[in-house]
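K.L.:
My structure is below; once you've seen it, I'll send some questions.
The values are calculated or read from the model by the stated rules, or taken from the named source; none is laboratory data. Computed from a prediction, not measured in an experiment: that's the story for all the values here. As a convention, Cβ positions derive from the backbone with ideal geometry for all residues, glycine included, and neighbour counts pool all protein chains shown. Quick note on the areas: whole protein, heavy atoms, side chains included, nothing else; ligands and nucleic acids left out. Shrake-Rupley method; radii C 1.70, N 1.55, O 1.52, S 1.80 Å.
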Amino acid sequence: MQQLLERLKSRNMHGYLARDRAEAKELALGLIPSEAVIAMGNSLTLRETGIFDALTDGRYNVINQFEQGISADENLRRRKQGLLADVYFTSANAVSLDGELFNIDGKGNRVAAMLFGPERVIVVVGRNKLVRDQAQAWQRLREATAPALARRLKRSTPCAVTGTCADCNSPERICRCYTVISSQMPAGKDRIHVIIVNEDLGL
Ligand code: SF4
């Protein structure tokens, strides 16, 4: 794990180890500058760690695209606003031991915010998402993450049935964007903060 933190640092990202979800939550919330406008991607990890509930309990200035009852137009507007938030919370679908972050996304706003826009990106990752290398990362995304996500969202996709990717063109396809964050510019070295949690979290 220390080696992974060093690899993240060499890629101009900050890495942290958290013993459990409670410590991860404390670490993550402690990285929020005062008065920051916050947005977040859809993430089971953020919910399982209690970070989502903490961010939406009224203490923080949050652009909440997940608020119950808002229209589809308002949801889209908030997703766009999230790209200009000060702080963006998310997980990653896989992190290689070499320090690269791998993600799939449907609409793309989550990965867009990770790539550019918010001044700080806080990525909370369970140990189950650590992979050896790029090849294992893509395998995880296509054979574990996407099928599990499709089932959870009740999407009618081949992977939801078979458990593996069939490179579909389904209208309900959930994996329309694939991204790798390999490093940050030196000037952006304080932008991405990756908290690795010593618990299984998320999909
Ligand atoms: S392309 Fe289709 S089958 Fe493959 S992971 Fe994505 S949704 Fe599933």
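K.L.:
Could you tell me which residue of the stretch 39-54 is most open to solvent (accessible area, probe 1.4 Å), considering only residues that are closer than 21 Å to residue 93 by Cα and hydrophobic (A, V, I, L, M, F, W, C)?
P.N.:
44
K.L.:
If only one of 99, 30 is of a type outside the set (Ser, Thr, Tyr) and at positive phi, which one is it? So that I can check it myself, show each step before the final result.
P.N.:
Details: 30 fails: at positive phi.
Just one listed residue meets the conditions, 99.
K.L.:
Please determine, by comparing only the residues of the stretch 118-147 that are within 11 Å of the ligand (Cβ to nearest atom) and open to solvent by less than 30 Å² (accessible area, probe 1.4 Å), which one is farthest from residue 104 (Cα to Cα).
P.N.:
147
K.L.:
Please state which of the following conditions residue 178 fails to meet, knowing it meets all the rest: (1) open to solvent by 20 Å² or more (accessible area, probe 1.4 Å); (2) within 14 Å of the ligand (Cβ to nearest atom); (3) hydroxyl-bearing (Ser, Thr, Tyr); (4) farther than 20 Å from residue 45 by Cβ.
P.N.:
Among (1) open to solvent by 20 Å² or more (accessible area, probe 1.4 Å); (2) within 14 Å of the ligand (Cβ to nearest atom); (3) hydroxyl-bearing (Ser, Thr, Tyr); (4) farther than 20 Å from residue 45 by Cβ, the lone unmet condition for residue 178 is (4).
K.L.:
Is there a residue being touching a strand residue (DSSP E or B) at 6+ places or on another chain (Cβ under 6 Å), assigned to a helix (DSSP H, G or I) and open to solvent by 30 Å² or more (accessible area, probe 1.4 Å) anywhere in the stretch 25-36?
P.N.:
Scanning the stretch 25-36 turns up at least one residue that is touching a strand residue (DSSP E or B) at 6+ places or on another chain (Cβ under 6 Å), assigned to a helix (DSSP H, G or I) and open to solvent by 30 Å² or more (accessible area, probe 1.4 Å).
K.L.:
Tell me the residue from 179, 164, 157 that is in contact with a helix residue (DSSP H, G or I) (Cβ under 8 Å, 6 or more places away or on another chain), of a type outside the set (A, V, I, L, M, F, W, C) and within 21 Å of residue 85 (Cβ to Cβ), please.
P.N.:
Criteria check complete, one pass: 179.
Per-residue answers, yes or no, for (1) in contact (Cβ under 8 Å) with a residue 12 or more places away in the chain; (2) surrounded by fewer than 16 Cβ atoms within 10 Å (Cβ to Cβ); (3) in a strand (DSSP E or B):
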| site | (1), (2), (3) |
| --- | --- |
| 7 | yes, no, no |
| 15 | yes, no, yes |
| 59 | no, yes, no |
| 68 | no, yes, no |
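K.L.:
So residue 153 fits all but one of (1) open to solvent by less than 40 Å² (accessible area, probe 1.4 Å); (2) in contact (Cβ under 8 Å) with a residue 12 or more places away in the chain; what number is the exception?
P.N.:
(1)
K.L.:
Is it fair to say residue 128 is over 22 Å from residue 31 (Cβ atoms) and without any contact (Cβ under 8 Å) to a residue 60 or more places away in the chain? Spell out the reasoning first.
P.N.:
On the way: over 22 Å from residue 31 (Cβ atoms): yes; without any contact (Cβ under 8 Å) to a residue 60 or more places away in the chain: no.
In short, no.
K.L.:
Further question: Can you work out which of the residues in the stretch 162-171 that are open to solvent by 70 Å² or more (accessible area, probe 1.4 Å) and part of a loop (DSSP other than H, G, I, E, B) is nearest to the ligand (Cβ to nearest atom)?
P.N.:
Looking at residues that are open to solvent by 70 Å² or more (accessible area, probe 1.4 Å) and part of a loop (DSSP other than H, G, I, E, B), I get 167.
K.L.:
Say whether the condition of being touching a Gly at 6+ places or on another chain (Cβ under 8 Å) and within 20 Å of residue 200 (Cβ to Cβ) is met by at least one residue in the stretch 51-68.
P.N.:
Among the residues of the stretch 51-68, not one is touching a Gly at 6+ places or on another chain (Cβ under 8 Å) and within 20 Å of residue 200 (Cβ to Cβ), which makes the answer no.
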